[in-house]
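Just below is one structure, and these are the notes that go with it.
The values are calculated or read from the model by the stated rules, or taken from the named source; none is laboratory data. This structure is a prediction, so every number in the text was calculated from the model and none was measured. Note that we place each Cβ from the backbone using ideal geometry, even for glycine, and neighbour counts take in every protein chain shown.
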Amino acid sequence: MTDISVVVPARDEEKSIAALVEETAQALGSLRWEMVIVDDGSTDGTWEEIRRASTVHPVTGIRFGRNQGKAAALSAGFAAASGRLIATMDADLQDDPAEIPALSAELEERGLDLVSGWKRNRLDPLSKRLPSKFFNSVVRMTTGLPLHDFNCGLKLYRGEAARRLDLYGEMHRYTPVLVSRLGYRVGEKAVNHRPRRFGRSKYGLARFFRGYADLLTVLFLHRYSFRPLHFFGGIGTTLFAGGLLVSAYLSVLWLGGESIGRRPLLLLGVFLMMIGFQFVSLGLLGEMVLRFMPGKKPFNIVETILPGTAGPPD
């Protein structure tokens with residue numbers, strides 16, 4: 001089996017490919033390695049550079065007909081990778097391939113399934129660093145995963161953990177969260193970060209806001225995928241209880257002789273109870289769908305020990 005597969009999404013990185021492959025070959029030369037470069041709809045000579053590199057080094061090229069996004073590129077790369085370990089890097093030469101052996105050592109020493117790079121000294125413009133800092137703080141606070149840099153392109157996974165990921169949209173930003181939610185062990189290590197040498201950043205405000213939309217998806221799917229009634233039922237019960245309290249208050253006034261027929265509060269109470277009932281019903285429907293959904297399991301087995309195969313405890 002290949003020791004390490006390096007998966008690299010690339011879009012319009014014609015000038016970087018050759019140098020990236022050579023640096024990776026120097027960093028991993030003593031190992032059995034391969035590189036899977038996914039051309040994500042480039043409009044320059046990126047594919048020709050990948051083809052040229054494949055004649056010299058163990059490089060596999062995958063080409064998309066149009067831009068599909070980084071998550072799709074990583075997903076295709078993971079599916080094609082054969083390594084026991086899978087590293088990911090960006091193609092712009094800002095990630096240093098020389099860090100991969102150190103990430104591998106960290107993973108093995110700490111018994112981790114994913115080591116995420118941390119760009120402690122990030123060499124990017126302030127316009128990228130500030131939003132990223134805010135983004136990482138929000139993800140750290142909402143997920144409870146104590147990492148400094150969720151979106152660093154340089155990561156090292158155990159192969160089985162990477163292949164379990166279901167990536168789409170902007171989900172590549174949350175791979176440490178997704179891996180952790182599957183029950184794998186996640187850590188981080190500070191890595192060298194370099195300034196961009198060629199081309200321009202693909203980062204933009206639109207991707208920033210799409211990333212936050214996908215954060216909501218991550219939080220919902222991995223907390224409530226197999227218990228939708230806990231989510232919708234909680235909201236529905238709160239709304240229904242609020243409406244019931246409003247209605248009880250108005251009932252007391254009515255019994256005291258006051259007219260409540262034209263009070264807006266009456267409509268609010270009825271509205272809250274109706275919406276609350278609908279949320280609870282939606283949760284119940286979700287539970288019924290899950291009950292009859294074939295093949296879906298609310299767990300992920302990360303390791304199995306068969307009788308007589310386990311060694312002495314650590």
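Before moving on, here are some points about what is shown:
- Qualifying residue in the stretch 84-93 (condition: assigned by TED's automatic domain parsing to the domain that holds G159, of a type in the set (S, T, N, Q), within 28 Å of W118 (Cβ to Cβ) and at pLDDT 95 or above): yes
- Just one of the listed residues (G159, G199, G183, G153) is at positive phi and at pLDDT 80 or above, namely G183.
Residue-wise test of (1) touching a Leu at 6+ places or on another chain (Cβ under 6 Å); (2) modelled with pLDDT of 85 or more; (3) in a helix (DSSP H, G or I).
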{"position": "L216", "(1), (2), (3)": "no, no, yes"}
{"position": "T238", "(1), (2), (3)": "no, yes, yes"}
{"position": "W254", "(1), (2), (3)": "no, yes, yes"}
{"position": "L266", "(1), (2), (3)": "yes, yes, yes"}
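- Hits in the stretch 57-81 (condition: within 23 Å of D3 (Cα to Cα) and either in contact with a helix residue (DSSP H, G or I) (Cβ under 8 Å, 6 or more places away or on another chain) or modelled with pLDDT of 95 or more (or both)): H57, V59, T60, G61, I62, L74, F78, A79, A81
Results for (1) surrounded by fewer than 18 Cβ atoms within 10 Å (Cβ to Cβ); (2) closer than 14 Å to Y174 by Cβ, shown as yes or no for each residue.
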residue: D113; (1), (2): no, no
residue: K119; (1), (2): no, no
residue: R122; (1), (2): yes, no
residue: L126; (1), (2): yes, no
residue: K133; (1), (2): yes, no
residue: T142; (1), (2): yes, yes
residue: P146; (1), (2): yes, no
residue: C152; (1), (2): no, yes
residue: R158; (1), (2): no, no
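Yes/no matrix, rows are residues, columns are (1) of a type in the set (V, I, T); (2) within 19 Å of R196 (Cβ to Cβ); (3) crowded, with 20+ Cβ neighbours inside 10 Å:
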{"residue": "L20", "(1), (2), (3)": "no, yes, yes"}
{"residue": "T46", "(1), (2), (3)": "yes, yes, yes"}
{"residue": "I100", "(1), (2), (3)": "yes, no, yes"}
{"residue": "L103", "(1), (2), (3)": "no, no, yes"}
